[in-house]
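Reviewing the structure listed below.
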Amino acid sequence: MARPLTEHIRHDRTPLDLPAYERTGGYQALRKALAEHAPADVTEIVKSSRLQGRGGAGFFTGMKWSFVPMGPDAPRPKYFICNADEMEPGTFKDRYLMEGNPHQLLEGMILGAYAIEAETGYLFLRAEYHRCAEILAQALADARRAGYLGINILGSGFDHDIHLHTSAGRYICGEETALLNALEGRRAIPRAKPPFPPVVGLFGKPTIVNNVETLCNIPHIIRNGADWFRSLAPGEEAGTKLYGASGRVNLPGLWELPLGTPLREIIEGHAGGMQKGHRFRGVIPGGASTDFLVEEHLELPLDFKSVAQAGSRLGTGTMIVLDDRTCPVGMVLNLERFFARESCGWCTPCRDGLPWVEKILQAIENGHGREDDLDLLRHHARMLGPGRTFCAFAPGAVEPLQSALKYFEDDFRRHLQGRGCPYRHSPAAATA
């Protein structure tokens, strides 16, 4: 099984330095692109590969790059940005890639910058990722000394440098236009679109923002070709995917697998199945801001299209597993509390609606819920849904809520009827 993103990452967590990365074929894709391909050719190769963004949205990467104005009359400078503000609860895949093989990411960024003719790059990193920051700073310095960054890279005439920017630490900075505002020293709130960043982005200039995992695929696509990348997945979608699992499974972790690997294979195979005495009830498949999938979905291929057809989103592909000893109401309360605290506060539905949702769920959990609270929660799920808020933050935040009301309504009603959480008083739950 091909594992291009992770095959060279060491088990002792020692990062690959520049000589080690070069021994694996590192920076050969950059040399090939600069010597053999015009910038537009690189974009076409990535477009042909059908690489989809691995940050959650699944938009086609090459298509996104193609929106950038090109040619001598294009606005300058242009910017290429890596979104490494990994703050989605349950998600830890980008950290693994950055700590294990930092030059793979840098090479992907440089190739992307070459494709859109960007002079400047920014690596926007989550504030709490201190080890990543140290590793990436060293990798950037080594890449500059080796001539992979700077003026006239490898004698090609292409100039590009990357700056490491540590985030101020808000979840909303993971939204690409809020990230751009943060880089400009502004309040981190999303921008109205259009215009879109590929045309009007950082400091009003053309800008591309891509996720860490997305960019780590680029060197392999340029080295091995679009056909090779498409062949890595069994279905219509292309490449491998980093899947993760946390919760009451025997082997929580992270695995690089073909995009479209079935949910059951990941949970029962790679994650080792449920812990003894625990039964599977559901899973949030792509980080906290995705809808629950349940037992009827275990045969579902985890790709963007299939998961969307099942009523959820693949998101980051890092799942949180719910077992029969964990209260789904309490789990959703914990998630909604996070989202309520992380709202940027720009629009009223999100700023006021999410704390209201948290308050209702807390009352239900504490035994003070009312019969009409479930209808009120459903109302909030609708009013905070797509098209009713300034950005996608609130619609994502209520995805676990609306699906929990769909699949676990009996648990909510048991809270109302028993005047509190039944899991607190269950002998089985007490040993969990």
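Of note:
- Scoring E119 on the criteria (1) in contact with a His (Cβ under 8 Å, 6 or more places away or on another chain); (2) of a type outside the set (S, T, N, Q); (3) at positive phi leaves a single failure, condition (3).
- A single member of A33, A2, A29 is within 21 Å of L232 (Cβ to Cβ) and at pLDDT below 95, and it is A2.
- Looking across segment 268-317 at every residue that is touching a Phe, Trp or Tyr at 6+ places or on another chain (Cβ under 7 Å) and surrounded by fewer than 21 Cβ atoms within 10 Å (Cβ to Cβ), the one that is farthest from K93 (Cα to Cα) is identified as E295.
- If you filter segment 30-60 down to residues that are touching a Phe, Trp or Tyr at 6+ places or on another chain (Cβ under 8 Å) and among the aliphatic types (A, V, I, L, M), you find that the one that is surrounded by the fewest Cβ atoms within 10 Å (Cβ to Cβ) is L34.
- Scanning segment 19-29 for residues being loosely packed, with under 15 Cβ neighbours inside 10 Å and at positive phi gives a total of 1.
- Just so you know, in segment 363-421 the residues that are within 15 Å of T348 (Cα to Cα) and basic (K, R) include one that is modelled with the lowest pLDDT, and it is R388.
- Where a residue in segment 62-82 is free of Cβ contacts under 8 Å to residues at least 60 places away in the same chain and its partner, wherever it lies, is among the small types (G, A, S), with Cβ under 8 Å and at least six apart: G62/S48; G62/S49; M70/A40
- Subset of segment 93-133 that is more than 25 Å from H11 (Cβ to Cβ), part of a loop (DSSP other than H, G, I, E, B) and at pLDDT 95 or above - its residue that is nearest to the chain's Cα centre (by Cα): A118
- Note on segment 66-92: among residues that are modelled with pLDDT of 95 or more and of a type in the set (V, I, T), the one that is farthest from R13 (Cα to Cα) is V68.
- Restricting R351, R313 to residues that are over 24 Å from G58 (Cα atoms) and either in contact with a strand residue (DSSP E or B) (Cβ under 8 Å, 6 or more places away or on another chain) or outside the structural domain of A271 (by TED's automatic domain parsing) (or both) narrows the list to R351.
- Lone unmet requirement of (1) at pLDDT below 95; (2) closer than 21 Å to G58 by Cα for I189: (2)
- Search result, residues across segment 236-252 that are in contact with a helix residue (DSSP H, G or I) (Cβ under 8 Å, 6 or more places away or on another chain) and assigned to a loop (DSSP other than H, G, I, E, B): E236, E237, A238, G239, L251
- When segment 372-381 is limited to residues that are without any contact (Cβ under 8 Å) to a residue 12 or more places away in the chain and part of a helix (DSSP H, G or I), the one that is farthest from D352 (Cα to Cα) turns out to be D375.
- R382 being farther than 30 Å from I172 by Cα and surrounded by fewer than 23 Cβ atoms within 10 Å (Cβ to Cβ): no
The values are calculated or read from the model by the stated rules, or taken from the named source; none is laboratory data. Not measured: the values here are computed from a predicted model. Here the Cβ is made from the backbone with ideal geometry for all residues, glycine too, and neighbour counts use every protein chain on show.
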